[in-house]
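As structure tokens, the structure follows; a few thoughts come after it.
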């Protein structure tokens, strides 16, 4: 069977729950998600934004954010939290 948005959502949640999310792991996961066509899924995309922001890779968080077709307050909040953590609150 093929992975679904729930599969990828669970993987993103697991990767982001690490104390220090691994950016290379997140990038590999993002590539697989893109190839599978689930980056536009709100839950999966928002999770990736938050995970990259938590890892300190704001450039990747913004890349995912900009590629998402639909965003909501959760998506934006994930990006803003990352900016504040990196002491870039003025950009938030």
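Any read-out appearing in this document is the output of simple, stated calculations on the displayed coordinates, not a laboratory observation. The model shown is predicted, which means the values in this text are computed figures rather than measured ones. As a convention, Cβ positions derive from the backbone with ideal geometry for all residues, glycine included, and neighbour counts pool all protein chains shown.
In terms of surrounding Cβ atoms within a 10 Å radius of their Cβ, 87, 63, 54 rank from fewest to most as 87, 63, 54. GNM, the chain, Cα, under 10 Å: largest mean-square fluctuation among 78, 47, 37? Looking only at 78, 47, 37, the biggest GNM fluctuation is shown by 37.
Estimated from the Cβ-Cβ distance and a Förster radius of 22 angstrom, the FRET efficiency linking residue 17 and residue 72 is about 0.55.
Ellipticity at 222 nm from helices only: DSSP H runs of n ≥ 4 in the chain, each -39500 (n - 2.57), divided by the residue count, give -21500 deg cm²/dmol.
Ranking of 68, 30 by neighbouring Cβ atoms within 10 Å, starting from the fewest: 68, 30.
Volume of the convex hull of the chain (Cα atoms only), normalised per residue: 82 Å³.
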